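Beneath this line is the structure, given in structure tokens, with notes to follow.
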Amino acid sequence: MKKVARVAFVTGSARGIGKGVALCLAKRGWNLAINYVSSKDAAETTAQECQSHGVESCVIRADVGDTQSHEAVIEEIHSKMGRIDLLVNNAGIGVKQRMDLLDASTESFDQLINTNLRGPYFLTQKMARYFIAQQKKLSEYQPKIIFVTSISAYTSSPMRGEYCVSKAGLSMATKVFADRLAENGIPVYEIRPGVIQTDMTSVVKDKYDALIAGGLTPIKRWGQPEDIGQAVIALAEGLFPFSTGDVFNVDGGFHLHRL
Ligand code: NAP
């Protein structure tokens, strides 16, 4: 009997970490809903690259911060792909301008919280309801949720405090959803990337090149989007059946306290 292909919805998967995650999933036979907010061409390219691995994909334009659109987004993916088995809350933004904590604006704070925390929080709420409804209809259905947070969830950067606060909040979102959804058999995980080579970090490349060379991380290299993709595979494919609410550090050992 042919195995049913599962469907993953990876937010912000036109480029960067989200693209790396999507391609890793595609290589493992997952069908993909590729999401973008502004990078339409890149999203279409990512979707085609997924298809080159023999899977199906669709492109979904959606702003994760727009909570009013979440139900329609889930319906759109369901109607295009037939099912959804995995939500990877990856989309996120950095600060437009690094600014001292004592000068940073409420506008920047609100924007970061809206996109990085409020949006994924309520998208997850809607997706959880969808998963629970689908459990009644499908057999062998094992939906899962993954939040992509950051080492900034626990590392202070006073020049971008609102980013740190948004990621700390997202880390707690993992825990409360994991707690609530355990009774429904839906595991929820946090992947905490370290310094990953993407557009987001391209503006501070020289700074991080020097820090990494100087021993910032025990594993002396930039992380790559595929590093996060591999962690997603392990969680999405059920290799941690007795875990939920856990943090998976993918940071080259950044989190270790060293002496
Ligand atoms: P990136 O290269 O800047 O890519 C961000 C992605 O998120 C893009 O695909 C973008 O879509 C999408 N996005 C942004 N705002 C969105 C919105 N409102 N709705 C839907 N999609 C939106 O960033 P990245 O480095 O891949 O980061 C991905 C995630 O990992 C973020 O949550 C980030 O905070 C986190 N992270 C990154 C690092 C790192 O070192 N790079 C480290 C720790 C955590 P468009 O292209 O359409 O604009």
Query raised in the report: Of the residues that make up the range 124-142, is at least one within 12 Å of the ligand (Cβ to nearest atom) and either under 22 Å from S243 (Cα atoms) or of a type in the set (D, E) (or both)?
Result: no
Query raised in the report: Do we have L32 as on the phi < 0 side of the Ramachandran plot and in a strand (DSSP E or B) here?
Result: yes
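The rows are residues; the columns are (1) over 30 Å from L86 (Cα atoms); (2) acidic (D, E).
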residue: G214; (1), (2): yes, no
residue: T217; (1), (2): yes, no
residue: Q224; (1), (2): no, no
residue: E237; (1), (2): no, yes
residue: T244; (1), (2): no, no
residue: F254; (1), (2): no, no
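For (1) charged (D, E, K, R); (2) farther than 19 Å from Y163 by Cβ; (3) more than 10 Å from the ligand (Cβ to nearest atom), each residue gets a yes or a no:
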{"position": "R6", "(1), (2), (3)": "yes, yes, yes"}
{"position": "L32", "(1), (2), (3)": "no, yes, yes"}
{"position": "E44", "(1), (2), (3)": "yes, yes, yes"}
{"position": "T67", "(1), (2), (3)": "no, yes, yes"}
{"position": "G92", "(1), (2), (3)": "no, no, no"}
Report task. Please specify each residue of the range 171-206 satisfying the condition of being of a type in the set (K, R) and either surrounded by 13 or more Cβ atoms within 10 Å (Cβ to Cβ) or more than 12 Å from the ligand (Cβ to nearest atom) (or both). Result -> K175, R180, R192
Report summary line: Those residues of the range 165-191 that are within 16 Å of the chain's Cα centre (by Cα) and in a helix (DSSP H, G or I) come to a total of 12
Requested in this report: State yes or no: is T124 in contact with a strand residue (DSSP E or B) (Cβ under 9 Å, 6 or more places away or on another chain) and assigned to a helix (DSSP H, G or I)?
Outcome: yes
Query raised in the report: Do any residues in the range 91-106 that are under 29 Å from S13 (Cβ atoms) have Cβ atoms under 7 Å from those of residues that are assigned to a loop (DSSP other than H, G, I, E, B) and more than 16 Å from the ligand (Cβ to nearest atom), where the two are at least six apart or on different chains, and which pairs are they?
Result: none
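No value in this document is a laboratory result; all are computed from the given coordinates. These numbers were taken from a predicted model, which means no experiment stands behind them. All Cβ positions, even for glycine, are placed from backbone atoms using ideal geometry, and neighbour counts span all protein chains on display.
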